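The values are calculated or read from the model by the stated rules, or taken from the named source; none is laboratory data. These numbers come from a predicted model, not from an experiment. For neighbour counting, all protein chains shown are included, and Cβ atoms are generated from backbone atoms with ideal geometry for every residue, glycine included.
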Amino acid sequence: MSRLPLLAAAAAASLLAASPASAAMTVSTFLAKANALKAQGPMALVSPDFALLRTEAQTATAQLKAERDARKAKGLKPIACVPAGQSIGITEMLDGLAALPAADQRLPLKDGYARVLAKRFPC
């Protein structure tokens, strides 16, 4: 009996185990899930994707804040200049992400969101 199938399965399992548990969601995936939730109406609130998207958005926001602070510490120009006390709402975020070119929609959510913020709040 050949050990090749067993070795292939072990190699595949090790690759899966080596990949991050939550790889960065792309803009297009985020938008597809958000649109599917919109179609569900009020039932979207109990969908597992609702919590997933909320977490993805919070993570992207936290990453952008950390990146902003790191850029400031290095004396680099910020990606966006959001005035104190202002923010972008979820509808504006989704509209901005949907308006990105197709190539930008393949980016991780954080990077797409950065482009939306830079357009909305240029420096």
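Which residues, taken from the range 64-99, are of a type outside the set (A, V, I, L, M, F, W, C) and assigned to a loop (DSSP other than H, G, I, E, B)? Let's see the steps before the verdict.
Residues of the range 64-99 that are of a type outside the set (A, V, I, L, M, F, W, C), as a first pass: 65, 67-69, 71-72, 74-75, 77-78, 83, 85-87, 89, 91-92, 95-96.
Answer for the range 64-99, where residues must be of a type outside the set (A, V, I, L, M, F, W, C) and assigned to a loop (DSSP other than H, G, I, E, B): LYS74, GLY75, LYS77, PRO78, PRO83, GLY85, GLN86, SER87, GLY89.
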- Query: For ALA57, are the conditions met, namely being in contact with a Phe, Trp or Tyr (Cβ under 9 Å, 6 or more places away or on another chain), within 21 Å of ALA36 (Cα to Cα) and touching a residue at least 24 places away in the same chain (Cβ under 8 Å)?
  - Reply: yes
- Would you point out which residue out of ASP95, ASP111, ASP49 is modelled with pLDDT under 95 and among the acidic types (Asp, Glu)? ASP49
- Condition set at pLDDT 90 or above and surrounded by 13 or more Cβ atoms within 10 Å (Cβ to Cβ), scope the range 37-46, selection farthest from ALA62 (Cα to Cα): answer is GLN40
- Pairs only if they're at least six apart or on different chains, beta carbon under 8 angstrom, first in the range 100-123 and part of a loop (DSSP other than H, G, I, E, B), second exposed (fewer than 14 other Cβ atoms within 10 Å of the Cβ) and not hydroxyl-bearing (Ser, Thr, Tyr); list them, first residue then second. PHE121/CYS81; PHE121/PRO83; PHE121/GLN86; PRO122/CYS81; CYS123/LYS77; CYS123/CYS81
